[in-house]
């Protein structure tokens, strides 16, 4: 038996309100210093991710680090790229959770939400 559309919407409403009320999320969101640090970590994560990927791409194209072999360079930089991705995901979750009701409006249907999840999974 499938849940009705109303129960899906109620579950989404409850989830987004619950996210905003997690005590440590409230503490971070209400502190200018802490939320600024979260934003800083988010930017640094993107810099790590994009910067390391760009260096490896430029090496593949032969435009940078010509005196180094590709495999050792990639082996050195990819852990930094994964670290950057982890920082982006963690800080992005904190920023999203602090404003979940803003990012998931009440009129947002569960079927559209499911479609977005499947679309991002298949992409």
Cα-projected label distance for residue 43 with residue 20, points at 7 Å along beta-carbon direction, nm: 2.7 nm
Residue separation times 0.36 nm, minus the C-alpha to C-alpha distance between residue 10 and residue 67: what's the value? 14.6 nm
Extended-chain gain in nm, criterion 0.36 nm per residue less alpha-carbon gap, residue 60 and residue 34: 5.5 nm
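Taken together, the values in this text are just the output of simple stated rules run on the coordinates, not laboratory data. Not measured: the values here are computed from a predicted model. Positions of Cβ are backbone-derived with ideal geometry, glycine not excepted, and every protein chain shown enters the neighbour counts.
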